[in-house]
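Below you'll find the structure I mean.
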Amino acid sequence: MRSAETYVVWLRCRWSRIWDETWLSYFFYKPCNYELFVKQSLNMEMAIVMAREADMDWIIHLDTDELIHPDGAREYSLRQLLAHMPNNVDMVIFPNYESSVERDDVTEPFTEVSMFKKNFDHLPNEVYREMHSESLHGNPNYFLTYGNGKSAARIQDHLRPNGAHRWHNYMKSPNEIKLKVAAVLYFTYSKFSDLTSRRDRCSCKPTKEDVKRCFMLEFDRNAFVVASIASNDEILHWYREHVVWTDKTEKLKLLRKGILTHIYAPMIIIQGLREAGVFRSVIESAQSSVSTDKFMESIDNIYDSDFDSES
């Protein structure tokens, strides 16, 4: 985007009704992860507009370290999965699975990591309770980071973001369903550099109290402190202790119980696409399909419609 266009979009962000959301106000004007959370909400709001312009039926927010695993869908197709949703369903929740790396030298997580910790929503309660302590892997919580999944929303009037993981509607409570097989795969801390780069992301002091200003989750706080004050050897040791799964007996037990699982389809698909040069050709041919003027006009029309409905 040219600088003038960027400025116009920036102005729209400043005027966004996101700033009037009381549920989000706690995160305003705070550093690091809190700032990221607000930026994600603003981006999701603009993505809704772009999705409508492109005549999309559904929208989902994924980070660059996440993949959709449409297990159970015909042809392993997200399009097919969503197309078969009942018309009265507004939101589809994908429980998240978290990557469980088996090496400390991963460089391409999408094609090198196949083991994941399943979401408790996809586990029998008795298994989750029985294996909970063993599945923590020396960490404070079952998952290193989030555990509430991601959701896809049907594009419709008055749709709005409700944090990075959910959507809502200004005029009604969305009818949602939670998928029993499909999931979102989250490749968190799957590279050692994901840990070491933490120290460069925030200006917070590496103390237990100050990191609370920057990070919402306990593991992220611990990771930032370690990455900031420890030597490289100490950081690697911590990474192996808390992230990498090297104990074969432990892994086998959790695999048999269903806590851990191997998923190969995404890595096979991505490797095939990469070898075929698909990613390179897509990047080379990428171009904006919506002009800035049309984009901003669409935002104005949608906002005017929402305000008229509420007045």
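Every number in this text was worked out from the coordinates using simple rules, so none of it is lab data. Treat the numbers as computed from the prediction; the structure is a model and nothing was measured. We place every Cβ from the backbone using ideal geometry, glycine too, and count neighbours over all the protein chains shown.
Explain nothing, just compute: Karplus ³J(HN,Hα) = 6.51 cos²θ - 1.76 cosθ + 1.60, θ = phi - 60°, for every residue of segment 187-196 in order, whole Hz, x for Gly and Pro.
8, 8, 6, 7, 10, 4, 5, 4, 7, 5
At a 10 Å Cβ-Cβ cut-off, how would you order Glu21, Glu35, fewest neighbours first?
Glu35, Glu21
While we're on this one: How big is the antiparallel share of DSSP beta bridges in segment 96-209, given as a percent to the nearest 5?
60 percent
Still on this structure, please answer the following. What's the center-to-center distance, using Cα atoms, between segment 45-76 and segment 193-216 in Å?
30 Å
Moving to a separate point now. Taking 19 Å as the cut-off for C-alpha to C-alpha distance, list the pairs among Lys117/Lys191; Lys30/Lys205; Lys118/Lys208; Lys118/Lys180; Lys118/Lys251 that go past it.
From the list (Lys117/Lys191; Lys30/Lys205; Lys118/Lys208; Lys118/Lys180; Lys118/Lys251), the Cα-Cα distance tops 19 Å for Lys118/Lys208.
Then there's this: Please give me the summed charge of the neighbours of Ile270: other residues whose Cβ is under 15 Å from its Cβ, Lys and Arg +1, Asp and Glu -1.
Computed value for this residue: -3.
In the neighborhood of Ile155, defined by Cβ-to-Cβ distances under 11 Å, what is the net charge if each Lys or Arg adds +1 and each Asp or Glu adds -1?
Value of the local net charge: -3.
Follow-up. Taking Cα centroids, how far is segment 105-152 from segment 168-185 in Å?
Measuring centre to centre over Cα atoms gives 20 Å.
Sticking with this one: What is the sum of charges, Lys and Arg at +1 and Asp and Glu at -1, for the other residues whose Cβ falls under 12 Å from the Cβ of Val211?
+4
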